[in-house]
1. Limiting things to C-alpha atoms, what are the Rg and the maximum Cα-Cα separation (Dmax) for the range 200-270, in angstroms?
2. Rolling a 1.4 angstrom probe over the protein heavy atoms, how many square angstrom per residue are accessible across the chain?
3. Suppose we keep just the DSSP beta bridges with both residues in the chain; what percent of those would be antiparallel, to 5?
4. Whole-Hz ³J(HN,Hα) for each residue in the range 182-191, computed from phi via Karplus 6.51 cos²θ - 1.76 cosθ + 1.60 with θ = phi - 60°, x for glycine and proline: what do you get?
5. By its C-alpha gyration tensor, with a ≥ b ≥ c as the square roots of the eigenvalues, how is the range 18-122 shaped: rounded for a/c under 1.5, else prolate for a/b larger than b/c, else oblate?
6. To the nearest 10 Å², what's Glu289's accessible area with a 1.4 Å probe?
7. Give the distance, in whole Å, between the Cα centre of the range 1-68 and the Cα centre of the range 155-220.
8. So what is the relative contact order for the chain, in percent, with contacts set as C-alpha pairs under 8 Å and at least six apart?
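The values are calculated or read from the model by the stated rules, or taken from the named source; none is laboratory data. This one's a predicted model, so the numbers in the text were calculated from it and none came from an experiment. Cβ coordinates were reconstructed from backbone atoms using ideal geometry, including for glycine residues, and neighbour counts include every protein chain displayed. For accessibility, only protein heavy atoms count, side chains too; no ligands or nucleic acids. Shrake-Rupley method; radii C 1.70, N 1.55, O 1.52, S 1.80 Å.
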Amino acid sequence: MEARSVDEIPRGKEWQYEPKWDGFRCLLSRDGSRVDLRSKSGEDLARYFPEVVAAALKLKADRFTLDGELVVPHGKGFSFDALLQRIHPAASRVKKLSEETPALYLAFDLLATARDEQLAKKLLSERRPVLEAFAKANLKGGIFRLSPSTTSYATAKKWLAQSGGGSDGVIAKRIDLPYQAGNRDGMQKIKKFRSADCVVGGFRYATNKIAGRKVVGSLLLGLYDTKGLLHHVGFTSAIKAGEKPELTDRLEALIGEPGFTGNAPGGPSRWSTERSAKWCPLKPKLVIEVCYDHFSGERFRHGTSILRWRPDKAPRQCSFDQLKQKAAHPMKLLK
C-alpha cells in the first residue's frame, strides 16, 4: 500500500490520519519460529535488524502480519542517518549497532492473524480496532509500539505543524477501503514540503576539478511511466563538495547504457550548450529522495534539493504516479 503526495490534508468522514514516520517501511510477519521483515522493494531486512526479529519471537501471538515503520531513536526523535547505517554488509557491525542503537517497530496496520488470515481484505475501519486489540495484548512497550491514529482533522493539522525530528508529515488513509496493495488509491501523504523518490539515471561532471580529478556536478533524475520507460525529469546539483569524490567513485562504478529509456537529457533545445549535452548514463540502481517546488510538463520546473538516499526502495517503484494529484479547475476561480 503506497501513498500519493498531495499538498493539503484531505477532509471528510472517509479519512483516518496518522503521523508520517521518517523511517523504513516494513512488513513484519511471524509464523511460529519464523520471522520475516520486508522492505517496500521486497528486500529482506531481517539480517539488518536482529533485535526486532528477537523481539517478535517473544510476542505472545505467534502468527500475524503487521505493516509498520522501522525507526532508530535519537534523543527525543528518530535519526534516519542512524537507520541508514544499519544497512551494512558486515554482520559484526550490524550486531554492534543493534545493541548500541536498537530500532523500534511502529505498527500502523494489521493484515493477518491466526484467527483471520484474510484481514487485509476488510475495511480499515474494521482493521484498526483489531490492531488496537492486538497491540493491547502483545505490544506492551519495548521495541514494538502502536502508531497513533485519529479521525480529527484538527489533530492531523496539529501533527503536520509539529512535524520534525522523525515525523515528517501526515498520512491520510481511506477507512472505507480494504488494504490497497500495490496502488496509491487508499493513502495520501502530506509534508511541509513536496518530495519525490527518483532514479539516478545519469550524471554530469562538474566544470571545476577537485584535487586534479573530475568529480560529479549534478545528478540526472528519472521516473518510470506505465510502460516501464525511464524518463528524465530534472536534476539536482546540491551536492556538498566534500562528498563529491566518494560519490563520483560510486557513480562511475555504475556507468552503463542506456540510462534513460524514455525522454533523455541533452536533446535539442535553445538552452542547450555543449557542456549540458554531455552526460554519463547509469544503470538504474540508485534511488534518491529530492525536494521540489513545482512539477509540470513531466519535469521539475527548477533544480531540486537532496533529502536523502533511499537504499530501501526499488528503482521501479519510482514512478510518475507518486506525483499525481487531482486536477484543479481554474475557471471556477474566475468571477
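1. Rg, Dmax (Cα atoms, Å): 13.2, 43.
2. Values: 17370 Å² over 335 residues.
I get 52 Å² per residue for the chain.
3. Rounded to the nearest five, the antiparallel share is 90 percent.
4. x, 9, 10, 6, x, 8, 10, 10, 10, 10
5. Judged from the Cα gyration tensor, the range 18-122 comes out prolate (a/c at least 1.5, a/b above b/c).
6. 10
7. A separation of 18 Å, based on Cα centres.
8. Values: 702 pairs, mean separation 65.3, N = 335.
In percent, rounded to a whole number, it is 19.
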